[in-house]
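The values are calculated or read from the model by the stated rules, or taken from the named source; none is laboratory data. This is a predicted model, so every value here is computed, not measured. For neighbour counting, all protein chains shown are included, and Cβ atoms are generated from backbone atoms with ideal geometry for every residue, glycine included. We work out accessible area using only protein heavy atoms, side chains counted, and drop any ligands, DNA or RNA first. Shrake-Rupley method; radii C 1.70, N 1.55, O 1.52, S 1.80 Å.
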Amino acid sequence: QVQLVESGGGLVQAGGSLRLTCTASERTFSPMGWFRQAPGKEREFVAASSWNSGKTNYADSVKGRFTISRDNAKNTGYLQMNRLKPEDTAVYYCAARRSGLVATAPNDYNYWGQGTQVTVSS
């Protein structure tokens, strides 16, 4: 099975930036995505990308501030987060899908990392 590990989370002031990294245990050509979950809330979609086509999708709440990218040769995905807001505070997860289209629903993904905490202070 594909295993994913997130890194790069931390504490940052509002308006600051972080870059999250997702490393995969094996090479995969499936779509990948980023989700986040705050305490007491449901896991929500953040961003997703295809493997080769460059097609991306972003939640309205992060559009224009976050950028998803991939380095397929390194089995690695990235989420660049700029102009962070306190409302962005959550555990961030990367996810991969066995095959198919770029998706926004958590149930559409098959593999998940353990998450990395992002805390944005006001």
- Item | Where the chain is the region considered: accessible area per residue in Å², 1.4 Å probe | 53 Å²
- Message: Need one number: nm distance between label points at E87 and D71, each 7 Å from Cα along Cα→Cβ, rounded to one decimal.
- Response: 3.3 nm
- Query: If you count the DSSP beta bridges with both ends in the chain, what percent of them are antiparallel, to the nearest 5?
  - Reply: 90 percent
- Long-range lysine pairs (8 or more apart or interchain), the chain, Cα under 21 Å: 5
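Report the net charge of residues surrounding T119, where surrounding means a beta-carbon distance below 14 angstrom and charges are Lys +1, Arg +1, Asp -1, Glu -1.
Within the 14 Å Cβ shell, the charges total 0.
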- Might you report the magnitude of the Cβ-based charge dipole of the chain about its Cα centre, with Lys and Arg at +1 and Asp and Glu at -1, to the nearest 20 debye? 220 debye
- Message: For the ranges 36-44, 96-104, what's the packing order if you count other beta-carbon atoms within 10 Å of each residue, average per peptide, and put the highest first?
- Response: 96-104, 36-44
- In the range 26-60, the chymotrypsin sites (Phe, Trp or Tyr not before Pro) that sit in a DSSP loop and have at most 13 other Cβ atoms within 10 Å of their own Cβ are F29
- Item | Nearest-20 debye value, the range 52-93 charge dipole, Cβ charges on Lys, Arg, Asp, Glu | 140 debye
